[in-house]
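Shown next, in structure tokens, is the structure this report addresses.
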Amino acid sequence: MRFRSVILVLLFVGAFVYLTSYSRFRGAPNIPLPSVFHRAPLEITVADAQPAYTAEETNRIAVYKRTLPSVVNVSTSALAFDFFYGVVPSSGQGSGFIISKDGRILTNYHVIENAQKIEVTLSDKHKYKAEIVLQDRAHDLALLQISGAKDLSPAVLSESHDLQVGQNVYAIGNPFGLSGTMTTGIISAIRPVKEPQGATIDNALQTDAAINPGNSGGPLLNSRGEVIGMNTLIATGGAEQSSGIGFAIPVDTIKAVLSDYAKYGRVRRPSLGIASLAIGPSLAEQMGLPADYGVLIQKVTPGGAAERAGLRGGSQQAYLGNTPIYVGGDLIVGIDDDQVTSPQDISEIMDHHQAGDTVTITFYRGSRRMQVRLTLGEAHSVSV
């Protein structure tokens, strides 16, 4: 009986497998399967053949195509001495942009610093040896020259004095060696920033457009594809990559340096020859100053423009929090027809002058409002 039961079970299972798996292919009746064995038909959603771009996307694409030929990769190499290995090769890279059809290219000074060989790669992948024409450590700028390149596309330089926080900007460069990379963002702030090398960028353009190692020297562009700055510095928080805070040298500073080079063959940035402190309403009230804005002269550079014009620095030391300051100096409130509220205002005004120009300084000495003619001197690292 037990053997018969086993035989019956095997016959039943075999019949079931035959009917469900093979009967369809051998003319057997089509027995419907439970719904769990049926698969739903595959449906694919296909995009339109011609993609539709937003107005912003269309403009961004146009800016990229128009400006990419102006952006270059800058590669450097040098021999360095290592205590353990002796003389070893070192290399670096950055970005730059073409400013003339004869092959002049702008980049950061720190990109080519100490380089023994510089090579520029254009967007069409052609490579050229580059020579240094101008080095300006104080403004972190360098001018290079390549020869033999044809049909170059110079970038268009705009202005930076009227830029506004919130404007759209684009950065194009070679982050981590990835040539022709475009990132987007806005102007997040405009503020002075000190670089690791010690130079201060007055009115630096802060942006959240991603800037990484290799972007240095590349252009920061407005929505028309015009250069408004040179990408230079990132705030990393300890990581060697973008944290959403990058800085660019404003193009007005770049144009002022180029103007010096064209006129003198070197950089001669103008200076008042002072160290100064920005004054606001609260501080003016505490100090009993006659105006609630301006810059208070802390010190005058010996032999500098301000000292020659008779301006005076502070004579008494005081403290602003934990910071020592000097009070009792002249309070500058205007240069020519421009109001002065901060050292950055002075720097911006200097961008439109050259050493040797004469300007009118409006200032307070005590409660007395005065004016004096001043011939601008040549900038030094601690003066404005």
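Here are some notes:
- Filtered residues of the stretch 107-130 (kept if over 21 Å from A78 (Cβ atoms) and in contact (Cβ under 8 Å) with a residue 40 or more places away in the chain): L122, S123, D124
- Pairs meeting the criteria (first residue in the stretch 221-234 and under 13 Å from I254 (Cβ atoms), second residue surrounded by fewer than 24 Cβ atoms within 10 Å (Cβ to Cβ) and among the polar types (S, T, N, Q), beta carbons under 7 Å, at least 6 apart or on different chains) are E226/S158; V227/S158; I228/S158; I228/N222.
- Selection status of V251, surrounded by fewer than 24 Cβ atoms within 10 Å (Cβ to Cβ), under 21 Å from R137 (Cα atoms) and in contact (Cβ under 8 Å) with a residue 24 or more places away in the chain: no
- Checked against the criterion of being of a type in the set (D, E, K, R) and under 30 Å from L143 (Cβ atoms), the stretch 323-342 has at least one qualifying residue.
- Subset of the stretch 71-100 [β-branched (V, I, T) and either modelled with pLDDT of 65 or more or not in a strand (DSSP E or B) (or both)]: V71, V72, V74, T76, I98, I99
- Selection over the stretch 243-275 of residues that are closer than 29 Å to G173 by Cβ and either of a type in the set (K, R) or part of a strand (DSSP E or B) (or both) gives a count of 8.
- For the stretch 292-311, residues that are surrounded by 16 or more Cβ atoms within 10 Å (Cβ to Cβ) and closer than 20 Å to Q339 by Cα total 10.
- Within the stretch 318-330, the only residue that satisfies the criterion of being free of Cβ contacts under 8 Å to residues at least 12 places away in the same chain and of a type in the set (V, I, T) is T323.
- D151 being of a type outside the set (G, A, S), modelled with pLDDT under 90, over 13 Å from the mean Cα position of the chain (by Cα) and over 19 Å from L233 (Cβ atoms): no
- Between L157, L152, L134, L144, the distinction of being in contact (Cβ under 8 Å) with a residue 24 or more places away in the chain and buried (at least 20 other Cβ atoms within 10 Å of the Cβ) belongs to L144 only.
- Count of residues meeting criterion [exposed (fewer than 12 other Cβ atoms within 10 Å of the Cβ) and in contact with a strand residue (DSSP E or B) (Cβ under 7 Å, 6 or more places away or on another chain)] in the stretch 320-336: 1
- When the stretch 298-317 is limited to residues that are within 35 Å of the chain's Cα centre (by Cα) and touching a residue at least 60 places away in the same chain (Cβ under 8 Å), the one that is nearest to I332 (Cα to Cα) turns out to be A306.
- Yes/no for T358 being in contact (Cβ under 8 Å) with a residue 24 or more places away in the chain, polar (S, T, N, Q) and either more than 30 Å from A142 (Cα to Cα) or not assigned by TED's automatic domain parsing to the domain that holds G229 (or both): no
- Note on the stretch 160-176: residues that are surrounded by fewer than 18 Cβ atoms within 10 Å (Cβ to Cβ) and touching a Leu at 6+ places or on another chain (Cβ under 8 Å) amount to 0.
Condition check ((1) out of contact with any Asp or Glu (no Cβ under 9 Å at 6 or more places or on another chain); (2) at pLDDT below 85; (3) crowded, with 23+ Cβ neighbours inside 10 Å; (4) not assigned by TED's automatic domain parsing to the domain that holds S91) across all residues:
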position	(1), (2), (3), (4)
L178	yes, no, no, yes
K194	yes, yes, no, yes
L205	yes, no, yes, yes
N212	no, no, no, yes
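- Meets criteria (within 25 Å of K65 (Cβ to Cβ) and among the β-branched types (V, I, T)) for I201: no
- Positions within the stretch 281-328 being more than 19 Å from T362 (Cβ to Cβ) and assigned to a strand (DSSP E or B), in sequence order: K299, Q316, Q317, A318, Y319, L320, T323, P324, I325, Y326, V327
The values are calculated or read from the model by the stated rules, or taken from the named source; none is laboratory data. Note that the structure is a prediction, hence the values are computed from the model and not measured. Methodologically, a virtual Cβ is constructed for each residue, glycine included, from the backbone with ideal geometry; neighbour enumeration extends over all protein chains shown.
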